[in-house]
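Single-structure report; data block below.
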Amino acid sequence: MLSEDNKRAAYRALQDRILNGEGSASPEQRARAFGNDGLSPPLDELLGKVAARPVQVTDADFAAARAAGFSEDQLFELVICAAVGQSTRLYDAGLAALAEAVAGEEDG
Amino acid sequence: MRLEVLNRGYGPVTKLLFALIRLFSGYPVPDAAKLVFYRPDFYGARAKRFTHEAMRGPSAWPAGDRELMAAYVSQANECAFCIGAHSATARRAYQDGPKVAAVLADLESAPVPGGLRATLRMLGKLTREGKVDAEDMRQVLSAGVSRQQVQDALAVCAAFNTTNRLADAFGFEVLSPEGFEAGAKYLLKRGYR
């Protein structure tokens, strides 16, 4: 077992806010951005790049999302959700590997 | 930045603050700082709290090591803004530019302790490949790194995987070397709050 610490608690507070708090994008849209799952064009291109290869995001990706009717505030939120979502998967994968590595040691 | 709200969507108090920062530092406010002032209730307030905790909160890793981890993760993501910002901050924290340059050029031959090297190797793999396994973690632990230190390093990794993505998606403007130095001085004095 790993101890919950202040760093993880602060991270969960951020994650909870962006997914469940007030926003211009719906909670469902934010959850799909966070999970990089179930997104339709053209958002799938923009947010897929944010998750997997952010250095390749272009002006055209934003232009396509705006042309599809997304506001600047919605895109602000959805890009943040996509970025935090990928980071969460990495954080959780690291913590799970650590928990497995220390499993069975004394005092957990 | 690619969203006009991030360039201009600030109230008068924040605009005044930006003007004062420019006046006193001699440099425009970096895009990384602007981002956390836009609708801070959505992202900035909690992002700052988490990043400060990860980078300056209690940990057996000194701030210099954590800044080096930030630079190393940023390099794995090819994020020019964050490599510049956090390699400058690590250099300043260590008072050792060649060490930071050596780590970013070739981790395996760089003059750093084995525990830090093993930790950086694991963070690089996690960032690039999206996964690590228990064996990767055992290698870090057997290099003398405590499990709490691994958790602390994973928090740094999470903070910068988020920031790198936002920097490249929103299009943060890369600063001059002098601008990065000014930012490094600020981050070591004040942290991320």
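Values quoted throughout were computed directly from the atomic coordinates according to the rules given, and no laboratory measurement underlies them. Here the structure is a predicted model, which means the values were calculated and not measured. Counting neighbours? That spans all protein chains shown, and the Cβs are built from the backbone with ideal geometry, glycine included.
When you look at the Cβ of every residue in B:135-141, what mean number of other chain Cβ atoms sits within 10 Å?
Shielding by partners across B:135-141 averages 4.
Arranged from highest to lowest average of other beta-carbon atoms within 10 Å per residue, in what order do the peptides A:79-88, A:59-68 appear?
Details: A:79-88: 26.4, A:59-68: 15.0.
Ranked from most to least packed, the peptides come out as A:79-88, A:59-68.
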Which of B:Ala47, B:Val100, B:Phe172 sits farthest toward the positive end of the charge dipole of region B:45-190, with +1 on the Cβ of Lys and Arg and -1 on the Cβ of Asp and Glu? B:Ala47
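Step through the table entries B:Lys48/B:Lys185; A:Lys7/B:Lys48; B:Lys34/B:Lys125, compare each Cα-Cα distance with 19 Å, and write down the pairs that go over it.
Details: B:Lys48/B:Lys185 17 Å; A:Lys7/B:Lys48 12 Å; B:Lys34/B:Lys125 30 Å.
Cα-Cα > 19 Å for B:Lys34/B:Lys125; rest within.
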Run the simple label-point estimate for B:Asp133 and A:Glu4 please: 7 Å along Cα→C-beta, distance reported in nm. 3.1
Average partner chain C-beta neighbours within 10 Å, per residue of A:60-67? 1
Among A:Ala99, A:Gly48, A:Leu78, whose Cα lies farthest out toward the positive end of the dipole of region A:6-102, if unit charges sit on the beta carbon of Lys, Arg (+1) and Asp, Glu (-1)? A:Ala99
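What is region B:45-165 by shape, rounded, prolate or oblate, if you read a ≥ b ≥ c off the alpha carbon gyration tensor as root eigenvalues and call it rounded for a/c under 1.5, prolate for a/b larger than b/c, and oblate otherwise?
Working: a/c = 1.28, a/b = 1.08, b/c = 1.18.
It is rounded, given that a/c, with a ≥ b ≥ c, falls under 1.5.
With a cut-off of 8 Å between alpha carbons and a minimum separation of six or more residues, what is the relative contact order of chain A in percent? Mind dumping the intermediate values first?
Numbers: 85 pairs, mean separation 38.0, N = 108.
Computed over chain A, the figure is 35 percent.
Report the FRET efficiency, 1/(1 + (r/R0)^6), for B:Ala143 and B:Ala19, where r is their Cβ-Cβ distance and R0 is 45 Å, rounded to 0.05. Please list the in-between numbers first.
On the way: r = 48 Å, r/R0 = 1.07.
Efficiency at R0 = 45 Å is approximately 0.40.
So how strong a dipole does region B:17-129 carry about its Cα centre when Lys and Arg Cβ are +1 and Asp and Glu Cβ are -1, to the nearest 20 debye? Write down the numbers at each step before the final one.
On the way: 15 positive and 10 negative charges, 63 e Å.
Dipole of region B:17-129, to the nearest 20 debye: 300 debye.
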Under a crude label model (7 Å from the Cα following the beta-carbon direction), how far is B:Asp96 from A:Asn20 in nanometres? 4.4
What number comes out for the charge environment of A:Asn36, summing +1 per Lys or Arg and -1 per Asp or Glu over other residues with Cβ under 13 Å away? +3
Mean-position separation - Cα centroids, region B:77-106 and region B:1-69, in angstrom: 19
Quick check on the protein assembly as shown: take the gyration tensor over C-alpha atoms, sort the square-rooted eigenvalues as a ≥ b ≥ c, and tell me if it's rounded (a/c under 1.5), prolate or oblate. oblate
Under the rule rounded for a/c under 1.5, else prolate if a/b exceeds b/c, else oblate, using alpha carbon gyration tensor axes a ≥ b ≥ c, region B:80-125 is classed as oblate
Tell me the angle of helix A:43-52 to the major Cα principal axis of chain A, expressed in degrees between 0 and 90 and rounded to the nearest ten. 30
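Could you sort the peptides B:78-91, A:13-26 by per-residue average Cβ neighbour count (10 Å cutoff), highest mean leading?
Ranked by mean Cβ neighbours within 10 Å, highest first: B:78-91, A:13-26.
How many Cβ atoms of partner chains, on average, are near each residue of A:71-82 if near means within 10 Å of its Cβ? Intermediate values should be presented prior to the final figure.
Numbers: counts 2, 6, 6, 0, 5, 11, 3, 0, 7, 11, 1, 4.
Counting Cβ atoms of other protein chains within 10 Å of each residue's Cβ and averaging gives 5.
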Just how far, in whole angstrom, is region B:120-193 from region A:79-106 if you go by their alpha carbon centroids? 14
Per residue of the protein assembly as shown, what 222 nm ellipticity follows from adding -39500 (n - 2.57) for every DSSP H run with n ≥ 4, rounded to the nearest 500? -22500 deg cm²/dmol
